[in-house]
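Everything below concerns the one structure shown next.
The values are calculated or read from the model by the stated rules, or taken from the named source; none is laboratory data. Predicted, not measured: the structure shown is a model, and the values here were computed from it. Cβ: placed from backbone, ideal geometry, glycine included. Neighbour counts: every protein chain shown.
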Amino acid sequence: MTYPPQGPGQYPGGFPGPQGYQPPQAPNRTPLIVGIVLAVVLVLGGIIAVVVILSSKNDDSTSASATTTRSSTSTTKSSNSDKADVETAIRDFFDVWASDGVKAAVKLECSDVRAADEKDLQSKTADEIADLDKVRLSDVENIVVSGKTATADITLTSGSKSKTDQVEVKKESGEWKLCKFGMGN
């Protein structure tokens, strides 16, 4: 290290340089770096946009075998997902039944049976409704999904009594809703 320290505008040995002399400075590269980063971001954004647009379009030019493979794979995924959604809809229906009573649960039924069931409940006595409110779901099995309808075997309990019944579930406005009891047992 030399003493005194040398700074801009000084000659070696600490002597001042000529008046107004400034050593050359490196050019400011910040605008160049910002421009490069911005260009890369725009290019990546464009690539992502193209991929999203192309993947969302139905490509009619794909071969029949590729289409068949893709649709059977999505059907399998869909049916597994639908089975889980059907079970969730059934359990949610009976959770509302258990917490808020049968009258509240009926409001979650599919539109085909809701009005008739609400009318039927109006004709029941308070004791009959109290008995219905004691019904609990204990099991859901054998879910079979076919398009926008499904069936499942459910086991209901009330006190010490237990009954297995088949229910029908329908998809309305994207949601699975309980429709019918006692379809086959």
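Report whether or not Ala89 is part of a helix (DSSP H, G or I), of a type in the set (Gly, Ala, Ser), out of contact with any Gly (no Cβ under 7 Å at 6 or more places or on another chain) and surrounded by 16 or more Cβ atoms within 10 Å (Cβ to Cβ). Walk me through how you get there before you give the answer.
Working: part of a helix (DSSP H, G or I): yes; of a type in the set (Gly, Ala, Ser): yes; out of contact with any Gly (no Cβ under 7 Å at 6 or more places or on another chain): yes; surrounded by 16 or more Cβ atoms within 10 Å (Cβ to Cβ): yes.
Against the criterion (part of a helix (DSSP H, G or I), of a type in the set (Gly, Ala, Ser), out of contact with any Gly (no Cβ under 7 Å at 6 or more places or on another chain) and surrounded by 16 or more Cβ atoms within 10 Å (Cβ to Cβ)), Ala89 qualifies.
Could you run through region 168-185 and say how many residues are touching a strand residue (DSSP E or B) at 6+ places or on another chain (Cβ under 8 Å) and either assigned to a helix (DSSP H, G or I) or within 16 Å of Ser111 (Cβ to Cβ) (or both)?
Initially, region 168-185 is screened for residues touching a strand residue (DSSP E or B) at 6+ places or on another chain (Cβ under 8 Å), giving 168-171, 176-185.
Among the residues that remain, those that are also either assigned to a helix (DSSP H, G or I) or within 16 Å of Ser111 (Cβ to Cβ) (or both) are: 168-171, 176-180.
Qualifying residue count, region 168-185: 9.
Take region 130-167 and flag every residue that is among the charged types (D, E, K, R), in a strand (DSSP E or B) and at pLDDT 85 or above. Break it down stepwise before answering.
To start, the set of residues in region 130-167 that are among the charged types (D, E, K, R) comprises 131, 133-134, 136, 139, 141, 148, 153, 161, 163, 165.
Pick out the ones that are also in a strand (DSSP E or B) and you get 136, 139, 141, 153, 161, 163, 165.
Selection gives Asp139, Glu141, Asp153, Lys161, Lys163, Asp165.
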Study note, to complete from the structure: So, first residue within 19 Å of Glu141 (Cβ to Cβ) in region 166-180, second residue surrounded by fewer than 16 Cβ atoms within 10 Å (Cβ to Cβ) and of a type in the set (Gly, Ala, Ser), Cβ within less than 6 Å, six or more apart or across chains; the pairs are Gln166/Gly184
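Can you tell me which residue in region 92-129 is modelled with the highest pLDDT, limited to those that are of a type in the set (D, E, K, R) and in a loop (DSSP other than H, G, I, E, B)? If you could, list the steps in order and put the result at the bottom.
To start, the set of residues in region 92-129 that are of a type in the set (D, E, K, R) comprises 92, 95, 100, 103, 107, 109, 112, 114, 117-120, 124, 127-128.
Now narrow it down to the ones that are in a loop (DSSP other than H, G, I, E, B): 107, 109, 124.
Working: Lys107: 82, Glu109: 85, Lys124: 82.
Out of the qualifying residues, it is Glu109.
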Exercise for review: For Ser173, state whether it is exposed (fewer than 15 other Cβ atoms within 10 Å of the Cβ), within 15 Å of Asp92 (Cα to Cα), among the polar types (S, T, N, Q) and within 28 Å of the chain's Cα centre (by Cα).
Suggested key: no
Practice item. Any residue in region 112-125 that's touching a residue at least 12 places away in the same chain (Cβ under 8 Å): show its pairings with residues that are surrounded by 13 or more Cβ atoms within 10 Å (Cβ to Cβ) at Cβ separation under 7 Å, as long as the two are six or more apart or on different chains. Key: Asp112/Cys179; Val113/Cys179; Val113/Lys180; Glu118/Val106; Leu121/Val102; Leu121/Lys103; Leu121/Val106; Leu121/Ile129
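Test Gly13 against the criterion of being modelled with pLDDT under 80, in a helix (DSSP H, G or I) and surrounded by fewer than 10 Cβ atoms within 10 Å (Cβ to Cβ), and give yes or no. Give the steps one after another, and end with the answer.
Values: modelled with pLDDT under 80: yes; in a helix (DSSP H, G or I): yes; surrounded by fewer than 10 Cβ atoms within 10 Å (Cβ to Cβ): yes.
The answer is yes for Gly13.
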Check your understanding: Can you tell me which residues in region 147-162 are surrounded by 13 or more Cβ atoms within 10 Å (Cβ to Cβ) and within 18 Å of Val135 (Cβ to Cβ)?
Key -> Ala152, Asp153, Ile154, Thr155, Leu156, Thr157, Ser158
